[in-house]
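Structure record follows, encoded as structure tokens.
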Amino acid sequence: MEAILKAIKKQKIPIKPAIVISNKLNAKGLTIAKKLDVPIEVIESTVYKGKREQYDKKIISILKKYKVTPTNGLVCLAGFMRVISPYFIRQYKNRILNIHPALLPAFPGLNAQKQAIEFGAKFSGCTVHFVDEGIDTGPIILQEIIEIKNTDTEKTLTKKILAKEHKIYPKAVSLFARKKISVKGRHVKILN
């Protein structure tokens, strides 16, 4: 999130951030957003335990309040570790981006770096993708590859992948904002 907001502030991404929403009151991203003059809202998910769609409807109402609509908005998940309801996804189809610390479709879900190390993978990386109703199964926009060395641990791999995430997530947001992404089914084309 910070990399995206800083790229916007440097005018590398031609959009205006409307709102940062967190499900945790003490999320680090809230402090970062405040420093960068981006409005924040907190909707604690514990209040909606077991009521995922109701929670998502509350998020959608806040997005619309800040004029992030299904026809003109973009939702970027960054550190938002919740599964989004099918209702939310259908409302914002191909307008929700996520970043994952693996080369999807390999190692979806939680602990992707640990999965890669335990599997003995020689390469990993990160993927920016559109969110669909599966777990890390949406159409892939960009990927960045890194080599896994024999000396890598989950911690060192996480650090290497994070550095790549900070580059490709803002790039994907910029492509979207400049209308340089075309989606047909599972296939994403980057337009010139």
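No value in this document is a laboratory result; all are computed from the given coordinates. Predicted, not measured: the structure shown is a model, and the values here were computed from it. A quick note on method: Cβ atoms are made from the backbone with ideal geometry, for glycine too, and the neighbour counts reach across all protein chains shown.
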Over the range 2-190, what is the mean sequence separation of C-alpha contacts under 8 Å (at least six apart), divided by residue count, expressed as relative contact order in percent? 18 percent
Summed side-chain charge close to residue 147 - residues other than residue 147 whose Cβ falls under 15 Å, Lys, Arg +1, Asp, Glu -1: +3
Return the distance in nm (one decimal) between the two label points of a simple spin-label model at residue 81 and residue 146, each offset 7 Å from Cα along Cα→Cβ. 1.8 nm
Classify the range 1-40 from the C-alpha gyration tensor, please: rounded if a/c falls under 1.5, else prolate or oblate depending on whether a/b exceeds b/c. prolate
Distance in nm between label sites at residue 183 and residue 67, each 7 Å beyond Cα in the beta-carbon direction? 2.3 nm
Neighbour counts of other C-beta atoms within 10 Å: give me 100, 129 arranged from fewest to most. 129, 100
For 169, 66, 48, order by how many other beta-carbon atoms lie within 10 Å, fewest first: 66, 48, 169
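What percent do you get for the relative contact order of the range 61-156 when only Cα pairs under 8 Å and 6+ apart count?
Taking the mean separation of contacting Cα pairs over the length of the range 61-156, I get 24 percent.
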Along the range 126-135, what does the Karplus equation 6.51 cos²θ - 1.76 cosθ + 1.60 (θ = phi - 60°) give for ³J(HN,Hα), rounded to whole Hz, x for Gly and Pro? 8, 9, 9, 9, 6, 8, 10, 7, x, 9
Whole-Hz ³J(HN,Hα) from phi, Karplus 6.51 cos²θ - 1.76 cosθ + 1.60, for the range 51-58, glycine and proline x: 10, 4, 5, 4, 4, 5, 5, 5
Arranged by the count of other C-beta atoms within 10 angstrom, fewest first, what order do 165, 118, 144 take? 118, 144, 165
For residue 18, net neighbour charge (Lys/Arg +1, Asp/Glu -1) across residues whose Cβ lies under 11 Å away: +3
Hey, rough spin-label estimate for residue 123 and residue 111, points 7 angstrom out along Cα→Cβ, what's it come to in nanometres? 2.6 nm
All-pairs Cα distance distribution in the range 2-190, expressed in whole percent, bin size 10 Å: 9, 35, 38, 17, 2
Given H placed 1.01 Å from N in the peptide plane, which residues other than close sequence neighbours of residue 142 have an amide H under 5 Å from its amide H? 128
